[in-house]
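K.L.:
Handing you this structure, nothing more for now.
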Amino acid sequence: MAQRRLLEGLGVTVAEETAYRALLRHGPATLSQLAAETGSSAAAIRRMLPRLEDLGLISRVAGRPLRLIATPPNVAIDILVARRQEEITHSRAAAALLATEVAERNGPHPEEVLEVVSGRDAVARRYLQLERNATREMLVLVHPPYAVDVSDDRENRRRAARQGAPTRGIYGPQAFEHPGMLAHTRRAIADGEQARLGQVPVKLAIADARTAILPLVSDEDQAVESALVVHPSALLDALVGLFETLWRAAVPLRLTAADGLEPEVWPRTPDTEVLALLAAGMKDDAIARQLGLSPRTVQRRVQVLCERLDARTRFHAGFLAAQHRLLE
């Protein structure tokens, strides 16, 4: 059975890790003894010796013949981690210097503005990467199909626990047709997301006003198989402007009871949620699926709500609820 690699992420090769771990098991050993323990040759171990010493994994025992001893793991790992952190710091500094060279040009090249991501898994990973790396704000236009599984409770909890950047989301009429989307949105709002109902012409996510991702093909009946990633450019500025325009026209979404209203004047949840979904343009059958109610129960509640609001139609009821801030 192959030995599991433990130090790969710290820049240690397979041969180097094998020699170090053999020395840990064997104790102080000569080159020939270590070679026999690893199934290598003494010459190969001798060639590897400077690198092992440079990594801080081994040291020499005084005296003759040459004997090697392994650095205690807690000390060795600290050395390797400090070394890697120093490399990362230098790399970040280099990135800043390289960025100034790019800035000296007259704007980015077209191929540096647009990035095409192909494959369902690749699209999901790219979206999660944007979400995870955002530090200031995520702007999201929510519309099916979804790149990630919104019904995966474990992944949702893991994403919420990361406490990423604040999110503003606009949910279109079709957003809640997907099973489990209402519960997912309720959790997101509880975690601090600002949610609104409005028109959503395209799926879109923008991280820190620096990077945007949107599907290449807009088809709510198919999974997102390819996406376009937009980097700083006039196109990105236009996408941010589109979101802000839609945000101003959207109405707040609150998937909780309307606090502060008298019970005899206004019904409590789930009627408040029925109104919110009406405002989103959802049909009775879809509302019933999201709330776990029968279509007949939803129809009866919609009728009562229309009467209380003096609304001419179910859509008018949702509009009036948003207009009078009953969803807040």
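K.L.:
So, R0 is 22 Å and r is the distance between the beta-carbons of Arg46 and Glu87; what FRET efficiency does that work out to, to 0.05?
P.N.:
0.25
K.L.:
How far apart, in nanometres, would the label points at Ala190 and Ala62 be if each is projected 7 angstrom from Cα along the Cα-to-Cβ direction?
P.N.:
Here the modelled spin labels are 6.6 nm apart.
K.L.:
How charged is the neighbourhood of Arg168? Take every other residue with its Cβ under 14 Å from the Cβ of Arg168, and add Lys/Arg as +1 and Asp/Glu as -1.
P.N.:
With Lys, Arg at +1 and Asp, Glu at -1, the neighbours total -3.
K.L.:
Could you tell me whether the range 1-107 comes out rounded, prolate or oblate from its Cα gyration tensor? Rule is a ≥ b ≥ c as square roots of the eigenvalues, rounded for a/c under 1.5, then prolate if a/b exceeds b/c, otherwise oblate.
P.N.:
prolate
K.L.:
Further question on the same structure: Taking the Cβ of Ala70 as the center, what net charge do the other residues with Cβ under 11 Å away carry, scoring Lys and Arg +1 and Asp and Glu -1?
P.N.:
The answer is +2.
K.L.:
Relative to a virtual label point 7 Å from the Cα of Ala15 in the Cα→beta-carbon direction, which members of the range 57-77 show backbone nitrogen distances below 18 Å?
P.N.:
Residues 57-58 qualify, since their backbone N sits under 18 Å from the label point.
Readers should treat all values here as calculations from the given coordinates under stated rules, not as data from a laboratory. What you see is a predicted model; the values in this text were computed from it and never measured. Cβ coordinates were reconstructed from backbone atoms using ideal geometry, including for glycine residues, and neighbour counts include every protein chain displayed.
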